[in-house]
Amino acid sequence: MKGVIFDFDGLIVDTETTWYEAFKEVFWESHHLNLDLIGYSQCIGTGNDVLYRYFRELAGDSVDCELLEEQATVKYENLMKAPVLREGVIEYLNEAKQNNLKIALASSSSKEWVHTYLKQLNIIDYFKIINTKDDVSNVKPDPELYDKTLKDLGLSPKETIVFEDSINGLSAAKAAGIRCVIVPNSVTKNLKFENFDDRIDSMKEITLSELLKKLERM
């Protein structure tokens, strides 16, 4: 194993749970509709077009998706004033660095969004490569983000492992031929993940070295 690739939203920082709570409040206040967790979870890890399509299914074609997002953003920012890393993330980054693994990030979010958080959390220097939706034509579940990240790292799929928290991210990693470990958050933990290589509740659960050894035996 020569490289590790991390998703960002929901995996490094649990932004996904906060976004769900924000959109849930907005939908109830504006339309008196309950935002279903399972339905919303299908939109995680991909582009806004999928999210907007789900909103139109819920509230009708005339729903103002951009306005809903603006209102949710205000609530999100109030809730996410002090972002924190998920458990075990810093330990995995340090261990990967100590073992001379190439570390990359592949996110369907914007470069500005990702870089702002990475700088705020003081972890941006861990990543040799950071690819976002601004670097590709197609986001997850399309494999383009992972294909590009592999190319930029100079590694093959067999030399790399991906960490993801969403079905869309898992689909993208597997389509790129990379082994994928699922680390779900509170929004995605009840989704029906299939065809993953391992699943852990938290990076605190097992060290990176132990996990990689386990995968090599599988």
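The values are calculated or read from the model by the stated rules, or taken from the named source; none is laboratory data. Predicted, not measured: the structure shown is a model, and the values here were computed from it. Backbone-built Cβ (ideal geometry, glycine too); neighbour counts: all protein chains shown.
Values as computed for the structure displayed
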{"read-out": "Qualifying positions in the range 17-72 - β-branched (Val, Ile, Thr) and either part of a helix (DSSP H, G or I) or assigned by TED's automatic domain parsing to the domain that holds residue 113 (or both)", "value": "17, 18, 26, 38, 50"}
{"read-out": "Criterion (under 19 Å from residue 104 (Cα atoms), out of contact with any helix residue (DSSP H, G or I) (no Cβ under 6 Å at 6 or more places or on another chain) and free of Cβ contacts under 8 Å to residues at least 40 places away in the same chain) met by exactly one of 174, 192, 133", "value": "174"}
{"read-out": "Residue under evaluation residue 116, criteria (1) assigned to a helix (DSSP H, G or I); (2) within 30 Å of residue 151 (Cα to Cα); (3) touching a residue at least 24 places away in the same chain (Cβ under 8 Å), criterion not met", "value": "(3)"}
{"read-out": "Condition met for residue 82 (aliphatic (A, V, I, L, M) and under 21 Å from residue 116 (Cβ atoms))", "value": "yes"}
{"read-out": "Matching entry among 158, 148, 174, 140 (being assigned to a loop (DSSP other than H, G, I, E, B) and either in the same structural domain as residue 105 (by TED's automatic domain parsing) or closer than 20 Å to residue 48 by Cβ (or both))", "value": "140"}
{"read-out": "Answer residue from the range 130-152, given it is aliphatic (A, V, I, L, M) and crowded, with 20+ Cβ neighbours inside 10 Å and is farthest from residue 216 (Cα to Cα) among those", "value": "139"}
